[in-house]
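The values are calculated or read from the model by the stated rules, or taken from the named source; none is laboratory data. Given the structure is predicted, the values throughout are model-derived calculations rather than measurements. As a convention, Cβ positions derive from the backbone with ideal geometry for all residues, glycine included, and neighbour counts pool all protein chains shown.
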Amino acid sequence: MDTALTLTTDMKLVLGLVGFTMVMFLFERIRADVVALVVLVLLGLSGLVEPDELFNGFSGHAVLSIIATMILGAGLDRTGALNRLAGWLLRRARGVEQRLLLLTSAVAGINSSIMQNPSVMALYMPVASRLSSRTGVTLPRLLLPIAAAIVMGGALTMVGNSPLILLNDLLIAANANLPSGAATLEPLKMFAPLPIGLALLAASLAYFHFFGDKRLRDEDGKGVTPARTQSYFAKAYGIDGDVYELTVTADSPLVGMSLGEAESLRGAPLLLALKSDGEARLAPPADTRIWVGSVLGAMGPRQQVSDYAQNHFLRMSSRLRHFGDLFNPSRAGISEAVVPATSKFIGKTGRDLQLRRQLGLNLLAINRDKTVLRENVRDVALRAGDMLVFHSIWTDLAEAAASKDLVVVTDYPKGEQRPHKFKIAMAIFAVAMLLALSSRLPVSLALMTGVAGMLIAGVLHIDEAYAAINWKTVFTMACLIPLGWAMDSSGAAAWVAGHTIERLPQGTPIWLLEILLGLLTTAFSLVISHVGATIVVVPLAINLALAAGGNPTAFALIVALSASNNFMTASNPVISMITGPAGYTGKELWKIGAPLSLIYTAVSVAMVNLLF
């Protein structure tokens, strides 16, 4: 390779766009998908990518494969597959904590080989909560090993995570810019990285079994199910007591007040329900007016509720004549949900979102960085990783969770489960995997065949399939793919690779270059996400391999694997989902995750060299 390439205007523009993307992703002033769209537009306006090719990323195999895996995962969840899995894990663990951690993490890692990592984590959070509540193993001790295994297990197949799904498209695109005489890069088959994934998963399980287990947080009261709501929420959030009915008399100063005003009065219990004009409802809007004869559903210690009733001339009854059905644990209760990094709720308050009016969710508390917020929670701007405590009807909670703006970690009765479709769903999924194994069909077509089968068989409805897709992830990836093309076609990747080789000592071993490349990709992923890191660094890796006499496919594979090598920060979507429920601080994550990240790099480079 020519290492004396001149830095052209096109190269400067591409490298400038890479720098711009990194800065914007780092400071997060603008959403990642908006930044990706701006980059796409600039690539088109500058002529770095031809207008006819600019939007090809949206129809690429990588994007379609990701959409398909999201829908297939939702179909498996709808049949109750994970409920069966939780029962199986409990039976096999036989009450032994180490065995439970090992089995749960191993099965989660295997599951992540066929579904997107964030989707697997979202499905396993209620499973972990159920296991925690039944065994007494705290949720923090379960979640981090499960999350690590899910990230490791994503390397078992070429559809386990976004970087690996992207890799084949990037390899094919790189062929157009290979120097004369270089061998054509072939796409990797479905299970090409299987030995690597098995080694990574085994390393993760061994790490937490022999070393990381001692560093895991061990706090009580993180697991929750409706059956133990009262004791759990009393311990974790100070939300305790029973539910009482308070009837508003003609002498009560609450007459004419809004519910929000009544809640803000000194010593007020939690006001969870209201019956007025013959209609009883949970989580009534804050502006609902209270009139003579209205009945309030109040929760709190008996003395607190009694004092509130006496001070405001309310008749108190411990017998639920009006709200008995509403407060039935099989219909409603208290739950916890995490705000994921992709949520539209970030930066908004409960009042802005009108949680009670729009979603039927009564926000009771917020757990943020081990601090429980109870006062004026509706006026607190939400952040990624916040743990929200709600009281609601379960069906309303399920509808809110379907929007992907909340990840519910409480095990609660889900709406419209289809357990009778379990065998059909598993058969369809197995056929899709077998088709993906054949070299005659693209993986995206094989997976979409499975999606079509689930829709026709009624495992999923089409609206549920649409709801299962994380469009922010899809849009961000599709918009950034042309940036990788521009890195390659402009010669920017070759220029960086050539000058890198020039500055390295003569005779630098290939394996050392691969380790440095893996660490560089990991650092990039902390800033511009795993997708962005893959798109930017794969063209560089291919050109670096050609300049150093290495295997371009091996170098590119190391990049795709290393892009997911982030166990230390919430920039990894999987880790961001557990920071709230597990309560780990940034320092604790680095303490546990950094050694695991180094192990990941060493194992992935060693295994790639064994295979290639």
Out of all the residues in the stretch 151-162, is one or more among the hydroxyl-bearing types (Ser, Thr, Tyr) and modelled with pLDDT of 85 or more? yes
Out of the residues in the stretch 102-116 that are surrounded by 24 or more Cβ atoms within 10 Å (Cβ to Cβ) and either among the aliphatic types (A, V, I, L, M) or at pLDDT below 80 (or both), which is nearest to ALA206 (Cα to Cα)? ALA108
Here the qualifying pairs (Cβ atoms under 8 Å; residues six or more apart or on different chains; first in the stretch 544-558 and farther than 16 Å from LEU166 by Cβ; second among the acidic types (Asp, Glu) and crowded, with 22+ Cβ neighbours inside 10 Å) come out as GLY550/GLU514; ALA554/GLU514
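Taking MET577, is it closer than 25 Å to ARG31 by Cα and either among the aliphatic types (A, V, I, L, M) or more than 19 Å from the chain's Cα centre (by Cα) (or both)?
Values: closer than 25 Å to ARG31 by Cα: yes; either among the aliphatic types (A, V, I, L, M) or more than 19 Å from the chain's Cα centre (by Cα) (or both): yes.
Yes: the conditions hold for MET577.
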Run down LEU540, LEU561, LEU544, LEU519 and say which single residue is assigned by TED's automatic domain parsing to the domain that holds LEU200 and surrounded by fewer than 24 Cβ atoms within 10 Å (Cβ to Cβ). LEU519
Of the residues that make up the stretch 535-554, is at least one part of a helix (DSSP H, G or I), on the phi < 0 side of the Ramachandran plot and within 23 Å of the chain's Cα centre (by Cα)? yes
Considering only the stretch 122-150, state which residues are at pLDDT 80 or above and buried (at least 24 other Cβ atoms within 10 Å of the Cβ). LEU142, LEU143, LEU144, PRO145, ILE146, ALA147, ALA148, ALA149, ILE150
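Does the stretch 470-505 hold any residues that are among the polar types (S, T, N, Q) and under 17 Å from ALA556 (Cα atoms), and which are they? Reasoning before the result, please.
Within the stretch 470-505, the subset among the polar types (S, T, N, Q) is 470, 473, 476, 489-490, 500.
Hits for the stretch 470-505 are SER489, THR500.
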